[in-house]
Each structure stands twice: as C-alpha cells, then as structure tokens.
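A.B. asks: Below: one structure in structure tokens.
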Amino acid sequence: MSVTGDRPVEATTTVGHRGRIILPVAIQRAAHMQEGARVHLRVLEDGGVIIETAEDIKRRLKFRLPAGVDLAADDRAEADEDEERGAV
C-alpha cells in the first residue's frame, strides 16, 4: 500500500455505467499509474479486489513476494542488495 507520510492513501469511488470504476487521482499518483497503464485485477477469497500494474507484478515476482505487498524504496534497495549477495 502506498503511503503519504505515515498515512495510507485511501479514497472511495463508485462502480459506474457498464461496471467502470474511476480511480481517483490521489490513488493514481500514489500508485505511480499514468493514463493508459495496464492493470491486473484479482478477486481474493474474502471478496476483496487487488489492482496491480504490470510493473508491480514484475517487481513482486522478482523478489518472490505475495500479492498486495508494497515494496517501499528502502525495501527495494535492501532486496536489491540481498539479490546481489545471492540471498534471494
């Protein structure tokens, strides 16, 4: 989950005509999404939905992380160091 300061970025939206959902700009910015970004949607067993960009999926797979884990900049740097040492 992306955060601004110490708070997660949250927003509420509505399912519109033809099932469309518009992601609020604050969410798009926090998730580093740009217009035209392809996203993958997955429904969890409890009914929750995960939205990931292709880059999120590639990064998660690279570091063998479960879906929904946010790789903050510090964590990415540490994971990169671990990978270079062969620990991953």
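A.B. asks: Treat each spin label as a single point 7 Å out from the Cα along the C-beta direction, and report the His32 to Arg59 distance in nm.
C.D. replies: Each label point lies 7 Å from its Cα, and together they span 0.4 nm.
A.B. asks: With every protein chain kept in the model, how would you rank Glu45, Glu52 by accessible area, 1.4 Å probe, largest at the top? Spell out each step's value before the answer.
C.D. replies: Values: Glu45 195, Glu52 15 Å².
Largest accessible area first, the residues go Glu45, Glu52.
A.B. asks: Any idea how far apart Leu44 and Ile22 come out in nm if each label point goes 7 Å out from Cα toward Cβ?
C.D. replies: Result for the modelled spin labels: 2.7 nm.
The values are calculated or read from the model by the stated rules, or taken from the named source; none is laboratory data. From a predicted model like this one, the values you see are computed outputs, not experimental measurements. Because the Cβ atoms are built from the backbone with ideal geometry, glycine has one as well, and the counts that use them run over all protein chains shown. Ligands, DNA and RNA are stripped out before the accessible areas are found, and what is left, the full protein with its side chains, is counted by its heavy atoms. Shrake-Rupley method; radii C 1.70, N 1.55, O 1.52, S 1.80 Å.
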